Structure formats: structure tokens, C-alpha cells
Amino acid sequence: MALTKISRMTEADHALVTAAVADAEHHTSGEIVTIVTDLSDHYEDIGIAWASGVAFVALATYTTFPDIYIALINRLTGGWGHEYTTNEYVALLLTAVALKWVGTWLILKWMPLRLWLTPKATKLARVRNHAISLFKVGTESKTVGRTGVLLYLSMLEHRAEIVADEAIASKVAPEVWGDAMVALLEHVKAGNPGQGVAAAVAQMGVVLAEHFPKGSENPNEIPDRLIQL
């Protein structure tokens, strides 16, 4: 399902982040990659799960209270009573359940509602998994010293992740990136994602400079630009 871009990262934002990455990397042998996306997953299975749940509840209701269901059908057909055969009743039952399933599924094509109904743990896990997948493709082992680190921001889920290469992860505990995450989310909540990414990069640079100071040779092994998916 197509989505309108909501992150609104302008050319100025791209320039701001690129400059922040270049400045941070000036003091460290680490390489910082920044990626911003609107959505990490479309959660199609969540829509299917909710539609199936609604259909199951409808089926249970119709079979538990068949008289109410038949009375409703008679009212909808003009009040004429009809003795339904078993086959007719089963056909009506399956049709009603199918309509419930399709109707719920169509309603949940509206992404804001689907996201609202998606459990928080599911969103967190999928943002994390997507960040790791992107890290493996574009950052992991792309530097000689395995000192690459990815800053990933997923706007609709209101979630960010920092994924570090082997050398960094062995020295820097995940909670050390806390200041970077706080700086990022404060600006994002204020509607300034570009400034948030730049502020987070600056904090990440401080951590990297402490553990991986710039050496005599410090080639720029990964482009500094902001990647927007």
C-alpha cells in the first residue's frame, strides 16, 4: 500500500546531517550511517489477524444465537418469514462471516488504524529487524576495522535504532547510546527530524571518539550522506 512521505526531510536537512556525520567522523575512526524511512513494515499480517478474529467472533455469535440472526435477516428482507433449510442457513452463515472478514480487512487497509491496532512489541521488533537487515547490507564489515554504526529512524512507528559493527559492539554497551536517542527523539517530536538526526550523530561522535579515536590514517570508507527510504 502506497504511503505519502511524511518525514519531510528537506535538502537543508540532508546537508545538515551530512555535515554532522563528517564532523563526527573527523574525530574518530568510526563510520556513521544514517537512514530515515516512513515505515519499516506494512503489517499486512496484522490486518489479516484482526479480520480473522472478527470473523471468528461473528461465527461464534451467529451459531450461538441463530434466532436473532434469522430475525435480522427477515427484517432486512421485508419481514417475510422463511423456514431455512440447513444448507441455506450454512450458506447465509458463511456469507455473513466472509463479509465480516472482507469488511474488516478493507477497513484495516487504512494504515494509521492498522498501526494503532498493532501491538507495541510487534512494532518494536520489526523496526529493530529492519534496522539490522539494512545494517547487514550497507554497514556491517564495510570498514577495515569493523567500526561502522547505523542510526535508523522509522517515523510512523516513532522508533529509532542504533546498530553497531562488531568492534564497536564489543566496547560500547547499548545503553551508552542513550543520549543520542534522547537528542534524536526530542527533535523528531518537535517536528524537526533533520535536526534530530544531526544531534544524535553528534552524540554518537562523542562516544566513538572516546573508544575509537582518529588514527594517523582515517579514510572515509562509507559516504556521509543521509539515506532516505
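Go through (1) surrounded by 14 or more Cβ atoms within 10 Å (Cβ to Cβ); (2) free of Cβ contacts under 8 Å to residues at least 12 places away in the same chain; (3) of a type outside the set (A, V, I, L, M) for GLU210 and report which single condition fails. (1) is the only condition that GLU210 fails. Give the residues of region 1-46 that are open to solvent by less than 60 Å² (accessible area, probe 1.4 Å), modelled with pLDDT under 90 and among the polar types (S, T, N, Q), sorted by residue number. If the condition is that a residue be open to solvent by less than 60 Å² (accessible area, probe 1.4 Å), modelled with pLDDT under 90 and among the polar types (S, T, N, Q), then SER7, THR28, SER29 are the ones that fit. Candidates in region 131-147 are the residues that are in contact (Cβ under 8 Å) with a residue 60 or more places away in the chain, under 20 Å from THR37 (Cβ atoms) and of a type in the set (A, V, I, L, M); of these, the one that is surrounded by the most Cβ atoms within 10 Å (Cβ to Cβ) is ALA131.
Note on region 148-192: residues that are open to solvent by 10 Å² or more (accessible area, probe 1.4 Å), within 19 Å of THR37 (Cα to Cα) and of a type in the set (S, T, N, Q) total 1. Summed over region 130-161, residues that are within 19 Å of VAL207 (Cβ to Cβ) and among the aliphatic types (A, V, I, L, M) total 6. For LEU124, the conditions (1) more than 24 Å from MET9 (Cβ to Cβ); (2) assigned to a helix (DSSP H, G or I) are fulfilled apart from (1). For region 91-116, a residue qualifies if it is aliphatic (A, V, I, L, M), part of a helix (DSSP H, G or I) and open to solvent by less than 40 Å² (accessible area, probe 1.4 Å), and the qualifying residues are LEU93, ALA96, VAL97, MET111, LEU115. Somewhere in region 78-90, is a residue part of a helix (DSSP H, G or I), at pLDDT below 85, open to solvent by 60 Å² or more (accessible area, probe 1.4 Å) and of a type in the set (S, T, N, Q)? Among the residues of region 78-90, at least one is part of a helix (DSSP H, G or I), at pLDDT below 85, open to solvent by 60 Å² or more (accessible area, probe 1.4 Å) and of a type in the set (S, T, N, Q), which makes the answer yes.
The values are calculated or read from the model by the stated rules, or taken from the named source; none is laboratory data. Not measured: the values here are computed from a predicted model. Positions of Cβ are backbone-derived with ideal geometry, glycine not excepted, and every protein chain shown enters the neighbour counts. Accessible surface is based on the protein model in full, side chains and every heavy atom, while ligands, DNA and RNA are left aside. Shrake-Rupley method; radii C 1.70, N 1.55, O 1.52, S 1.80 Å.
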